[in-house]
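K.L.:
Before I ask anything, let me first share the structure, which is written out below as structure tokens.
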Amino acid sequence: MKLLTGAHELNHFPENFAVAKRDENYTLTCNSKPDDIVTWKLNGDPLEDDENVELNGPKLTVLDIETPNLGDYSCWRGEEMLSSTYLLLKADEEDTIDSLINCRAKSYDCNFNCTWTGNGYTAVRLGLGHNCSKSSKSCQWISSSRRLAEGKLQFEMSHDLSPYAEESTMLELTAEAIRDLSVFRTSKRFYLRDIVQPDSPQIVKCELVNEDVNVTIDPPSTWSAPYSFFSLEHQIEYVLRDDGQTGQSSSTLIPKKISKLRVRSRDSLVLSNWSQWTPWKNVTY
């Protein structure tokens, strides 16, 4: 049997593929009629009975799955290809989904982002819902929308949860990835509130009020509206002008004698992850 060339360069998910376990047998069935005389090919090369495969009309059994007998198996009636299946290997799942994927929602709207941080994978896709976790044909797989630095991939995901109802349904995220003709597959479940992290808020102005400074803070433009329903709490960090010491406040009233400040926010009801700090803002009078 011919060794697959370019075995480490499968950069997409084949339309039809099967995943087999190492050192086990796997049987493929041709999409043929009962009286058809069919032949089989692997990566375009004709196959015959040998120590790696057994041919039985429309069925082909691959023996003792290893890397050399992975690839594109197709069955033919004369010069007509009837069907093809890309045989891949089930990966030894050394990585966990939490070490490979970070998801974040900027608000409670229907969209959130996931970043794939795994190295060495040549094809990655994500799917939401029970259909994807069960490998159903009806799964709507999402491919990467952006390639980031250091080989990271970004995915734009969407869901149909109501932002105004109490969240009782967990999102189920499934990831599939290919490396060296092996398929890694894993799933995780989480609530949307677990991944909410607002963008940094906006410092509108600082006003003197007696012996204090009143800081006016607006939610980020990406945060859910109305703000009276999707409330945020803010935390202010400031530097004292006299001695350079830092302090923090959950109130918008802070000491007068400061040189600069910055702000971050989080959902005040579910105590979400804090946003990133705003850049430092110098305070002058």
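K.L.:
With volume of the Cα convex hull per residue in Å³ in mind, check (i) 142; (ii) 164; (iii) 212 and report the label derived from this structure.
P.N.:
Of the labelled values, this structure produces (ii).
K.L.:
Still on this structure, I have one more. Karplus couplings for segment 211-222 from phi (6.51 cos²θ - 1.76 cosθ + 1.60, θ = phi - 60°), rounded to Hz, Gly and Pro as x?
P.N.:
9, 10, 10, 9, 9, 8, 10, 10, x, x, 5, 8
K.L.:
Where only protein heavy atoms count, and the probe is 1.4 Å, what is the accessible area per residue for segment 29-185 in Å²?
P.N.:
In whole numbers, segment 29-185 has 54 Å² accessible per residue.
K.L.:
Output the lone cysteines of the chain: those with no second cysteine's C-beta under 4.7 Å from their C-beta.
P.N.:
Taking the Cβ cut-off of 4.7 Å, the unpaired cysteines of the chain are 110, 206.
K.L.:
Here's something else I'd like to know. Considering only protein heavy atoms, what per residue accessible area in square angstrom results for segment 202-282 with a 1.4 angstrom probe?
P.N.:
Numbers: 4670 Å² over 81 residues.
Each residue of segment 202-282 exposes 58 Å² on average to a 1.4 Å probe.
K.L.:
State the percentage of accessible surface on the chain attributable to carbon and sulfur atoms; use a 1.4 Å probe and exclude ligands, DNA and RNA. Don't skip to the answer; put the middle values down first.
P.N.:
On the way: 7120 of 16080 Å².
So the carbon and sulfur contribution to the accessible surface is 44 percent.
K.L.:
Something else: Could you please report the charge total around residue 163, scoring K, R as +1 and D, E as -1 over all other residues with beta-carbon less than 14 angstrom from its beta-carbon?
P.N.:
Charge balance in the 14 Å sphere: -3.
K.L.:
Considering only 208, 222, 282, whose Cα is most displaced toward the positive end of the charge dipole of segment 202-282, charges sitting on Cβ of Lys, Arg (+1) and Asp, Glu (-1)?
P.N.:
So the residue we want is 282.
K.L.:
Are there any GluC sites (Glu not before Pro) in segment 186-285 that are in a DSSP loop and have at most 16 other Cβ atoms within 10 Å? List them by number.
P.N.:
Taking segment 186-285 and a limit of 16 other Cβ atoms within 10 Å, the loop GluC sites (Glu not before Pro) found are 211.
K.L.:
In the Gaussian network model of the chain, springs joining C-alpha atoms below 10 Å, which of 38, 124, 209 carries the largest mean-square fluctuation?
P.N.:
For the chain, modelled as a Gaussian network with Cα springs under 10 Å, the answer is 209.
K.L.:
Give the lysines whose C-alpha is closer than 26 Å to that of residue 281, dropping any in the same chain fewer than 8 places away, or say none.
P.N.:
Those lysines meeting the cut-off are 106, 205, 256, 257, 260.
K.L.:
Note down the net charge around residue 200, summing +1 for each Lys or Arg and -1 for each Asp or Glu among other residues with Cβ under 10 Å from its Cβ.
P.N.:
Net charge in that neighbourhood comes out at +1.
K.L.:
Lysines within cross-link reach of residue 134: Cα-Cα under 27 Å, excluding same-chain residues under 8 positions apart?
P.N.:
21, 59, 90, 152, 188
The values are calculated or read from the model by the stated rules, or taken from the named source; none is laboratory data. Model, not experiment: these values are computed from the prediction. Positions of Cβ are generated from backbone atoms using ideal geometry, with glycine treated the same way; all protein chains shown enter the neighbour counts. Just the protein is used for accessible areas: all its heavy atoms, side chains included, with ligands, DNA and RNA removed. Shrake-Rupley method; radii C 1.70, N 1.55, O 1.52, S 1.80 Å.
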